[in-house]
Amino acid sequence: MINLDKPVCIYAIQTTGQNPEIDRIIEIRVLKIVSTSEVKRYHKLINPGVRISDYSTSVHGITNEMVSNKPRFEDIAEELFDFIKNTYWTGYNNEHLYNVFLAESFIRSGIEISSQDIHCIDIGNIYKKLNPRRIDTCYRAYTGNEMLMDNQTTTVSDALMEIFISMINKHTEEIGEDASKWEEFSTNKHEVVDFARRFVRNKDGEIVINFAKKKGQIAKDDPSYLRWILQASFPADTKNWARKILLGEA
């Protein structure tokens, strides 16, 4: 096992869609590795407050009826945040998508959160750097078993834990014994500004715009574009950073 300076929270979520700005989390399952002998579990079905489409239900099997009497995210936000704060948020492709879903949900619930405070290990990125494949072939490669591709979080989260433990056993010498080394290997933490990566830091540490025709431009040099971001449809965290840059606070 690698050295844990903080717990590792391996999580899987299901959502109403793939857009963190308008879609909502409807299920979350977390396996919290505290030590080699202690793993804590957290699971909740969540009422998204919007209708789950038939297509989404066909993907994850969660119906509107299943969540109609379940708590809203804001009802469980504090207990969930207490469970996963000061840990490594760990998942498959979570750095660019699922972390954004979590951050947006926390912000909408009144919990202030910044990408600068979050540590992330992305199992998908680790695997892609070592062996570019999908999650099911990743699972097969590291466990020797076939993954049941039913998209249930109980299957995905447990599969990810098996993959991660196998990765640790196989690649600790290559990547390092500290969890922070796995974060460094699997993410681009030094570039991170907002969760959605609309802003990043360049090689000089300056915050630059990271999308559309303005990509690569130093953000503070274009206040009109920052004001447009504040008025347009962007994640709350991205808007918070645009506001900070306008005010000279970042």
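Only Cα pairs under 8 Å and at least 6 apart count here; give the relative contact order of segment 199-246 as a rounded whole percent. Before the final figure, lay out each step's value.
Values: 45 pairs, mean separation 12.4, N = 48.
This gives 26 percent for segment 199-246.
Using the Kirkwood radius built from alpha carbon pairs, what does the Stokes-Einstein equation give as D for the chain at 20 °C and 1.002 mPa s, in µm² per second? List each step's numbers first, then the result.
On the way: Rh = 19.1 Å.
The estimated diffusion coefficient comes to 112 µm²/s.
Of all DSSP beta bridges located in the chain, what percent are antiparallel, nearest 5? Don't skip to the end; give the middle numbers.
Numbers: 21 of 29 bridges.
So the antiparallel bridges amount to about 70 percent of the total.
Springs between alpha-carbon atoms under 10 Å, Gaussian network over the chain: tell me which of Lys44, Lys32, Lys170 tops the mean-square fluctuations.
Comparing Lys44, Lys32, Lys170 in a Gaussian network model of the chain, the most mobile one is Lys170.
As a footprinting exposure proxy, order Met1, Met147 by other Cβ within 10 Å, with the fewest listed first. It would help to have the intermediate numbers written out before the result.
Values: Met1 14, Met147 19.
So the residues, fewest neighbours to most, are Met1, Met147.
Which value, in debye to the nearest 20, describes the size of the charge dipole of segment 199-246 about its Cα centre when Lys and Arg Cβ atoms bear +1, Asp and Glu Cβ atoms bear -1, and nothing else is charged? The partial results should precede the final answer.
On the way: 10 positive and 5 negative charges, 16 e Å.
Here segment 199-246 has a charge dipole of around 80 debye.
Are there any GluC sites (Glu not before Pro) in segment 91-126 that are in a DSSP loop and have at most 11 other Cβ atoms within 10 Å? List them by number.
On the way: sites: Glu95, Glu104, Glu112; in loops: Glu112.
In loop regions of segment 91-126 (DSSP not H, G, I, E or B), the sparsely surrounded GluC sites (Glu not before Pro) are Glu112.
Choose one answer from Asp204, Asp75, Asp158: the residue with the largest mean-square fluctuation in a GNM of the chain with alpha-carbon springs under 10 Å.
Among Asp204, Asp75, Asp158, the largest GNM mean-square fluctuation belongs to Asp204.
Dipole of segment 43-85, Cα-centred, from +1 at each Lys and Arg C-beta and -1 at each Asp and Glu C-beta, to the nearest 20 debye? Please list the in-between numbers first.
Working: 5 positive and 7 negative charges, 22 e Å.
Its charge dipole is roughly 100 debye.
For the chain, give the magnitude of the charge dipole about the Cα centre (Cβ charges: +1 Lys/Arg, -1 Asp/Glu; no others), in debye to the nearest 20.
Numbers: 32 positive and 36 negative charges, 134 e Å.
In total the dipole reaches around 640 debye.
Give a residue-ordered list of calculated ³J(HN,Hα) values for segment 94-107 (Karplus: 6.51 cos²θ - 1.76 cosθ + 1.60, θ = phi - 60°; whole Hz; x for Gly, Pro).
Using θ = phi - 60°, the values come out as 7, 4, 9, 10, 6, 4, 5, 4, 5, 4, 4, 5, 5, 4 Hz.
Can you tell me, using C-alpha contacts under 8 Å and at least 6 residues apart, the relative contact order of segment 1-47 as a whole percent?
On the way: 75 pairs, mean separation 15.9, N = 47.
Relative contact order of segment 1-47: 34 percent.
Quick check: from the Cα gyration tensor, does segment 63-172 come out rounded (a/c under 1.5), prolate or oblate?
On the way: a/c = 2.50, a/b = 1.48, b/c = 1.68.
Verdict is oblate for segment 63-172.
For segment 81-93, in order, what is each residue's ³J(HN,Hα) by Karplus, 6.51 cos²θ - 1.76 cosθ + 1.60 with θ = phi - 60°, in whole Hz (x at glycine and Pro)?
4, 4, 6, 10, 5, 6, 9, 8, 6, 10, x, 10, 6
Alpha carbon centre of segment 81-133 versus segment 164-186: separation in Å?
Cα centres, segment 81-133 to segment 164-186: 17 Å.
In Å, what Rg and Dmax follow from the Cα atoms of segment 1-149?
In Å, with Rg to one decimal and Dmax whole: 15.8, 44.
For an R0 of 22 angstrom, estimate the FRET efficiency from the Cβ-Cβ distance between Lys170 and Arg134 and round to the nearest 0.05.
Numbers: r = 19 Å, r/R0 = 0.85.
With R0 = 22 Å, the Cβ-Cβ based efficiency is 0.70.
Can you list the lysines whose alpha carbon sits under 21 Å from that of Lys214, skipping same-chain ones fewer than 8 residues off?
Straight-distance partners of Lys214: Lys203, Lys239, Lys244.
Collect residues whose amide H, placed 1.01 Å from N in the peptide plane, falls under 5 Å from the amide H of Thr15; neighbours closer than 5 in sequence don't count.
Amide H to amide H, under 5 Å and 5 or more residues apart or across chains, Thr15 pairs with Ile26.
Test of the criteria: in segment 133-235, which GluC sites (Glu not before Pro) are in a DSSP loop and have at most 11 other Cβ atoms within 10 angstrom of their Cβ? The partial results should precede the final answer.
Values: sites: Glu146, Glu162, Glu173, Glu174, Glu177, Glu183, Glu184, Glu191, Glu206; in loops: Glu146, Glu177, Glu206.
Those that pass, being in a loop and sparsely packed, are Glu146.
Using Cα-Cα distances under 8 Å and only pairs 6 or more residues apart, what relative contact order does segment 8-191 have, in percent?
Numbers: 261 pairs, mean separation 39.6, N = 184.
Answer for segment 8-191 is 22 percent.
Looking at segment 8-191, how many pairs of lysines come closer than 14 Å at the Cα, when each pair is eight or more places apart or spans two chains? Don't skip to the answer; put the middle values down first.
Details: Lys32/Lys40; Lys32/Lys85; Lys40/Lys85; Lys44/Lys70; Lys181/Lys189.
Qualifying lysine pairs in segment 8-191: 5.
Just rank Met167, Met161, fewest to most, by other beta-carbon atoms within 10 angstrom.
Working: Met167 23, Met161 18.
Ranking Met167, Met161 by Cβ neighbours within 10 Å, fewest first, gives Met161, Met167.
With r defined as the distance between the Cβ atoms of Val39 and His190 and R0 fixed at 41 Å, what FRET efficiency is calculated, to the nearest 0.05? Walk me through the intermediate numbers first.
Values: r = 30 Å, r/R0 = 0.73.
Working from the Cβ atoms, E equals 0.85.
Name the residue farthest towards the positive end of the dipole of the chain from the options Asn93, Tyr139, Gln18, assuming +1 on Cβ of Lys and Arg, -1 on Cβ of Asp and Glu, about the Cα centre.
Gln18
For a Förster distance of 25 Å, can you work out the FRET efficiency between the beta-carbons of Val50 and Gln116, rounded to the nearest 0.05? Walk me through the numbers on the way to the answer.
Working: r = 30 Å, r/R0 = 1.20.
After rounding to 0.05, the efficiency reads 0.25.
Throughout, read-outs are computed from the coordinates displayed, never taken from laboratory work. Bear in mind that the values here come from a model prediction, so they are computed numbers and not experimental data. For neighbour counting, all protein chains shown are included, and Cβ atoms are generated from backbone atoms with ideal geometry for every residue, glycine included.
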